[in-house]
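Engineer: One structure coming up, written as structure tokens, with questions to follow.
The values are calculated or read from the model by the stated rules, or taken from the named source; none is laboratory data. Computed from a prediction, not measured in an experiment: that's the story for all the values here. Reconstructed Cβ throughout: ideal geometry from the backbone, glycine too, with neighbour counts over all protein chains shown.
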Amino acid sequence: MTLPAPGAPAGTGGAAVLWVAAQAPGEVAQRLCETATGRAWRRARSGGVWQGWRREIGQADLLGPVAFEAGLPSGAVFESGTTAAGRYLRLADGTQIAWAEAALFAQVSADRLEHVWSFPAPFSDTPQVGATLPGAETGYTGAGPGDLGGLMQETGAASAALRLPRVAGAPAFAAGAQVAGVRLMAVGRWSAV
């Protein structure tokens, strides 16, 4: 058969093969496969009522661009990418995870170290962001782990301004104070669906 055709799944095209299996007049299963792409859909009829077409996921659908169409995943299951700002993983359900392995928090005042992280892929809304400081003293210059307070942040969909404040009673951060090798992670949504 040639697509698009009446009753065929939306977004199909070109030559296709349709398999039909029937147990009784009201009990039918169909499987449609595009011959050029190998994409396949299936649906069933029970009690005289057709279910909607459901796309079958195959090996070629696992990794690639994720997408939504009419509220349903229409692309790959996973999308992975790397940029200068870090790595990201997008899932077909709309979840996105981004991370950076070696962020540098540098002194911006006597009371604060800061790092601005532009996410490797934008989120659809503000994600949850966390940081893991180096466990050894080797990543600290002009400030020790005990001199730093909890992570403070101003986060948007595209970036986060992350701050490590000086705790009360700790010496002021000198020029050049920094913490290297900080691991960052953000979890949120790439799609609001």
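Engineer: Mind listing whichever residues of region 1-40 are in a loop (DSSP other than H, G, I, E, B), loosely packed, with under 14 Cβ neighbours inside 10 Å and aliphatic (A, V, I, L, M)?
Structural biologist: MET1, ALA5, ALA10, ALA36
Engineer: Please pick out the residue among ALA121, ALA76, ALA98 that is at pLDDT below 95, of a type outside the set (Val, Ile, Thr) and either under 13 Å from the mean Cα position of the chain (by Cα) or in a loop (DSSP other than H, G, I, E, B) (or both).
Structural biologist: ALA76
Engineer: Pairs needed: first member in region 156-172, surrounded by fewer than 18 Cβ atoms within 10 Å (Cβ to Cβ); second member anywhere, among the polar types (S, T, N, Q) and assigned to a strand (DSSP E or B); C-beta distance under 7 Å; at least 6 residues apart or different chains.
Structural biologist: What qualifies is ALA158/SER118; SER159/SER118; ALA161/GLN153.
Engineer: Filter region 41-57 for residues that are in contact with a strand residue (DSSP E or B) (Cβ under 7 Å, 6 or more places away or on another chain), within 20 Å of GLU69 (Cα to Cα), surrounded by 13 or more Cβ atoms within 10 Å (Cβ to Cβ) and not charged (D, E, K, R) and give the result.
Structural biologist: Selection gives TRP41, TRP53.
Engineer: May I pose another question? For ARG90, which of the numbered conditions (1) free of Cβ contacts under 8 Å to residues at least 60 places away in the same chain; (2) of a type outside the set (A, V, I, L, M, F, W, C); (3) buried (at least 17 other Cβ atoms within 10 Å of the Cβ) fails to hold?
Structural biologist: (1)
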